[in-house]
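The values are calculated or read from the model by the stated rules, or taken from the named source; none is laboratory data. All of these numbers come straight from a predicted model, not from anything done at the bench. Note that each Cβ is placed from the backbone with ideal geometry, even for glycine, and that neighbours are counted across all protein chains shown. With ligands, DNA and RNA removed, areas are computed over all heavy atoms of the protein, side chains included. Shrake-Rupley method; radii C 1.70, N 1.55, O 1.52, S 1.80 Å.
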Amino acid sequence: MSPVLAAVLQLTALIAALALAYRPLGDYMAAVYSSPKHLRIEKVLYRCIGANADAEMRWPAYLRGVLAFSVVGVLFLYLLQRLQGGMPLSLGFASISPDQAFNTAASFVSNTNWQSYSGEQAMGHVVQTAGLAVQNFVSAATGMAVAVALVRGFARSRTGDLGNFWADLVRGTVRVLVPIAVIGAVVLVACGAVQNFSGIHEVGQFMGGHQQTNGGAIASQEAIKELGTNGGGYFNANSAHPFENPTAFTNLFEIFLILVIPFALTRTFGKLVGNVKQGYAILATMGVIWLGFVALMMWTEFAHGGPALQAAGAAMEGKETRFGVGSSAIFSVSTTLTSTGAVDSFHSSFTAFGGGIQMLGMMLGEIAPGGVGSGLYGMLVMAIIAVFIAGLMVGRTPEYLGKKIGTREIKLAACYILITPTLVLGFSAASMVLPDALGSMLNTKALGAGAHGFSEVLYAFTSGGNNNGSAFAGLNANTPWYNTTIGLAMLLGRFLPMVFVLALAGSLAEQQPVPETAGTLRTEKPLFAGLLVGTILIITGLTYFPALALGPLAEGLS
């Protein structure tokens, strides 16, 4: 079987699995977030945190809950790392330095999971399980809660109420993420992933010599790492490590876990607003972009542009031979079009245009299908922009789902889409003029040109600012400058957009729905989906094209 045919068959199987899960999971999540009842364990958790889960919140109160919970998470994870040296099950590892502890705490609480350290050489069992794995659950549940709050803004009228953050957080964790993650972990263990609390062992190498390796609760962390679109690997090699990703089947299964909730949330959106066709339109937009990027990546990586590539059959540098080019391309696109950051191959070793595709996927805002929750609310903000553009074309006041898109709404949407580019381009520019930051570009001298080195820096801040977490490799990011600035980019890139999303949700929830007329734009039709795709690509292209031209495009054309 040719590698291209194998890749197409894997892609077909993945799409079929996602299609089977789409309706039941989407309907289930809609029922979870609209149910008036609380489970017994949820009631216990509400008493422990002192929350009244039945109290409705307007957007300022909802936002205070998001920020307060996240601040506590950052402080707890920071202290856990700083105290690691004196903890049991630390595997003898020392406490984490202040700048790296801040970077890691900001990373996992913001659902970015950027890692400037080697997990198997720095983090003990307590930090991995009680710190990092816990944040994998609750940071994902926070994103889902904000997305549901925005959907309620469309569904409700003249109240301003968006539900209860604490109820949404607990339900998303207890009823959605934990059950699916348990099933996912069992599947991974059955397929060979490691799950234990063993210490460090000396193991012999096939070619002679010895190396140290350690076990851990890897399968359970791997499941929620993918399901919650987190991405932080237990090992430095991430999902290219056989303890995390043993076989070609588990590789495809992990891609499924990455995509299943973000795609299914479009069904949840349609059910909660009372029009499933609206969910299908958003799904179609996400699907077209995702499939387009997969096709482009496969074409780029399978192209035989030289004797070395022809001998290997494709661009195999940095790819796992267990998975091949096709599976690595699907994984790469899925992880950069979501806020996952997991990798089963070295992104820096992809072709120049392949690296550009990865960066562009993150620069879109990771909305196709995007992160758990963040992909849906990012896409809905872009839908508001698209509706506004359509209204300008025909000279009619724009409306979306029966809500008028006025000055306040469009200002909030515009602020949302400007935050991340400001962080990414601003920090990248600063890094290019500071000698210490330039010295971290390890590949610049080896390549004899600066385009790839610039791509390393641009990728790092794109990954941090968009809460992705994957790394381009070749950049020494474990320095005070990068630990601090990427940490700030992750926190600001996560929580500032949430401010505008929740303010937008509150504004929409206060409105009285307007009746549909013959002149109303039909936002459930293919025409609107096409307009939305064009709006996303044009806005991103105008924003990031100059930076991409200096990096991957310049390298690819040289």
| What order, most packed first, do the peptides 221-232, 87-98, 157-168 have when packing is the mean number of other Cβ atoms within 10 Å of each residue? | 221-232, 157-168, 87-98
| said: At 7 Å along Cα-to-Cβ for each site, give me the label-to-label distance between M87 and I389 in nm. | reply: 4.7 nm
| query | Put +1 on the Cβ of every Lys and Arg and -1 on every Asp and Glu Cβ in the range 349-467; which of M393, T351, I419 then has its Cα farthest towards the positive end of the dipole? | reply | M393
| request: Kindly write out, for the range 41-55 in residue order, the coupling ³J(HN,Hα) from the Karplus curve 6.51 cos²θ - 1.76 cosθ + 1.60 (θ = phi - 60°), rounded to whole Hz, with x marking Gly and Pro. | output: 5, 5, 4, 4, 5, 4, 5, 5, 9, x, 9, 9, 6, 9, 7
| request: Just subtract the alpha-carbon distance of T484 and R23 from 0.36 nm times their residue separation and send over the number in nm, one decimal. | output: 161.8 nm
| task | Would you mind getting the accessible area per residue of the chain, heavy atoms of the protein chains only, 1.4 Å probe, in Å²? | result | 38 Å²
| task | Indicate the gyration tensor shape class of the range 55-195 (rounded, prolate or oblate), computed on the Cα atoms with a ≥ b ≥ c the square roots of the eigenvalues: a/c under 1.5 is rounded; otherwise a/b larger than b/c is prolate and the rest oblate. | result | oblate
| field | the chain, relative contact order in percent, only Cα pairs under 8 angstrom and at least six apart counted | value | 20 percent
| task | Give me the accessible area of R396, 1.4 Å probe, in Å² rounded to the nearest 10. | result | 90 Å²
| request: Under 1.5 on a/c is rounded, so check that first for the range 416-558, then, if it is not, pick prolate when a/b is larger than b/c and oblate when it is not; a ≥ b ≥ c are the square roots of the alpha carbon gyration tensor eigenvalues. | output: oblate
| task | Let me know the shape class of the range 1-123, please: from the alpha-carbon gyration tensor, a ≥ b ≥ c as square roots of the eigenvalues, rounded when a/c is under 1.5, otherwise prolate if a/b is greater than b/c, or oblate. | result | oblate
| Value of Rg/Rh across the range 486-558 [Cα atoms, Kirkwood radius] | 1.14
| remark: Computed for the chain: size of charge dipole around the Cα centre, +1 on C-beta of each Lys and Arg, -1 on C-beta of each Asp and Glu, debye to nearest 20, value 1640 debye
| message | Which order do the peptides 457-463, 66-72, 214-220 come out in when sorted by mean C-beta neighbours inside 10 angstrom, highest first? | response | 457-463, 214-220, 66-72
| said: Sort 257-265, 182-190, 243-251 by the packing proxy (mean of other Cβ within 10 Å over each peptide's residues), most packed first. | reply: 257-265, 243-251, 182-190
| message | Using square roots of five times the C-alpha gyration tensor eigenvalues, list the equivalent-ellipsoid semi-axes of the range 140-197 in whole Å, biggest first. | response | 35, 10, 7
| said: Can you give me the % of accessible surface on the chain that is carbon or sulfur? Probe 1.4 Å, all protein chains present, nothing else counted. | reply: 68 percent
| message | For a quick size check, give me the Cα extents of the chain along its three principal axes, largest first, whole Å. | response | 75, 55, 50
